[in-house]
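One structure is given here, and the rest of the page talks about it.
The values are calculated or read from the model by the stated rules, or taken from the named source; none is laboratory data. What you see is a predicted model, and the numbers here were worked out from it, not measured in a lab. Cβ coordinates were reconstructed from backbone atoms using ideal geometry, including for glycine residues, and neighbour counts include every protein chain displayed.
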Amino acid sequence: MFSAFAPKLKAQQSSTDWPMFHSDPSHSGTSTGNAALTPTLLWRYTTGNMVASSPAVADGIVYVGSDNDNVYALNATTGSKIWNYTTGGPVVSSSAVIDGTVYIGSDDHNIYALNAANGAKLWNYTTRSDVDSSPAVANGAVYVGSDDGNVYALNATNGNQLWNRPTGAYVWSSPAVAEGIVYVGSDNDNVYALNATNGNQLWYYPTGGDVGSSPAVSKGVVYVGSDDNNVYALNAANGAKLWNYTTSLYVGSSPTVEDGVVYVGSYDGNVYALNANNGAKVWSYTTDGQVASSPAVADGILYIGSFDGNVYALGASPTPSDTLFIIIGVVVAAVVIVAAAVFLMFKKRLKTTKNPPLTPQNSTSVVFAI
């Protein structure tokens, strides 16, 4: 069932930081940091509400949002609070930390830029609905989606709008940026490629379901999941479909691409490894719950959470057999991941029965260290 294919590291990547959602603007989902091979609790910090935001790590500080309306900066070694900034709504968005500034969205409809050292607000930009999308920062611009149906590009220094592109549906997907192009999904079932400078649409690809998955871009190919049960590989230049792989249920997980393999989860309970060139299944691993979590790779091990209450670490066995080395039962950490995924799924279902996007315009939780 399994192959010798296992996650490997980018030889050229030297930093152990994880400064934004899925590591970098192209959403590689990989790091050169050492893998946590034993489930040792180093510290935990109690926020007082659910933590659906994914942490970013930069220069020894962990940045994360909470449903108690706050953004936190925590000492990565001790977990002690350095500062917190209070917004006007739950913070589901994950931060991007670039050049001493923290960029993050809030359900108070704002995108914030905060001083990474002390949490002082540098600027905020107000959209017309919740900002659950996680910002990507590249070439002096902040790219992010909003539930008002728009994709925004903002000046990273002062927050001035550079452009916005209406999609007509919620934009939960977090933009990926590569080679001057912004790639993002929308709940109107489409994947978009937009000119990063002016927002002009270069192409779009229609799937058969909502695209809340965040694209990953590697070697001229865009990989993304859809609620039509498929994982897609699209030509980054023109949007032509190169291949698709069909799972048994929604694919809300955001893919990670490493060493010719695409790793992604599905609501059918499986973690998939697919050949990046042709979409052929390399292996799959079945959990006991839906997999909405997005995989991360560090030191040759793939980490992912499941609704079954477990965090899994999947890697190559040191023996000739194809048995996977699995670390299961880091329940304290899994509670956060699974609760976050359940919250997002519940919130999305709520929104589908409530107000649609506006007409487009031109439980106590803790943060853990394992």
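This table checks each residue for (1) farther than 22 Å from SER294 by Cα; (2) polar (S, T, N, Q); (3) over 16 Å from the mean Cα position of the chain (by Cα).
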| position | (1), (2), (3) |
| --- | --- |
| THR47 | yes, yes, yes |
| VAL71 | no, no, yes |
| THR78 | yes, yes, yes |
| LYS81 | yes, no, yes |
| TYR103 | no, no, no |
Task: Looking only at the stretch 259-270, and only at residues there that are over 16 Å from the mean Cα position of the chain (by Cα) and either in a strand (DSSP E or B) or of a type in the set (D, E, K, R) (or both), the one that is modelled with the lowest pLDDT - done: ASP259
TODO: Check ALA313, ALA273 and return the single one that is assigned to a strand (DSSP E or B), out of contact with any helix residue (DSSP H, G or I) (no Cβ under 8 Å at 6 or more places or on another chain) and more than 13 Å from VAL231 (Cα to Cα).
DONE: ALA313
TODO: From (1) in a loop (DSSP other than H, G, I, E, B); (2) at pLDDT 95 or above; (3) buried (at least 17 other Cβ atoms within 10 Å of the Cβ); (4) of a type outside the set (A, V, I, L, M, F, W, C), pick out the condition that doesn't hold for ASN158.
DONE: (3)
- [ ] Take THR86 and decide whether it is out of contact with any helix residue (DSSP H, G or I) (no Cβ under 6 Å at 6 or more places or on another chain), surrounded by fewer than 20 Cβ atoms within 10 Å (Cβ to Cβ) and not small (Gly, Ala, Ser).
- [x] yes
TODO: Kindly indicate whether any position in the stretch 181-190 is at pLDDT 95 or above, at positive phi and not in a strand (DSSP E or B).
DONE: yes
Task: Search result, residues across the stretch 206-241 that are surrounded by fewer than 21 Cβ atoms within 10 Å (Cβ to Cβ) and either assigned to a loop (DSSP other than H, G, I, E, B) or touching a Cys at 6+ places or on another chain (Cβ under 8 Å) (or both) - done: GLY208, GLY209, LYS219, GLY220, ASP228, ASN229, ALA237, ASN238, GLY239, ALA240
Task: Hey, TYR103 in a strand (DSSP E or B), farther than 19 Å from GLY212 by Cβ, at pLDDT below 95 and in contact with a Phe, Trp or Tyr (Cβ under 9 Å, 6 or more places away or on another chain) or not - done: no
Open item on the list: Anything in the stretch 128-155 that is within 18 Å of the chain's Cα centre (by Cα) and part of a loop (DSSP other than H, G, I, E, B)? List them, or say none.
Closed with: ASP130, VAL131, ASP132, SER133, SER134, PRO135, SER146, ASP147
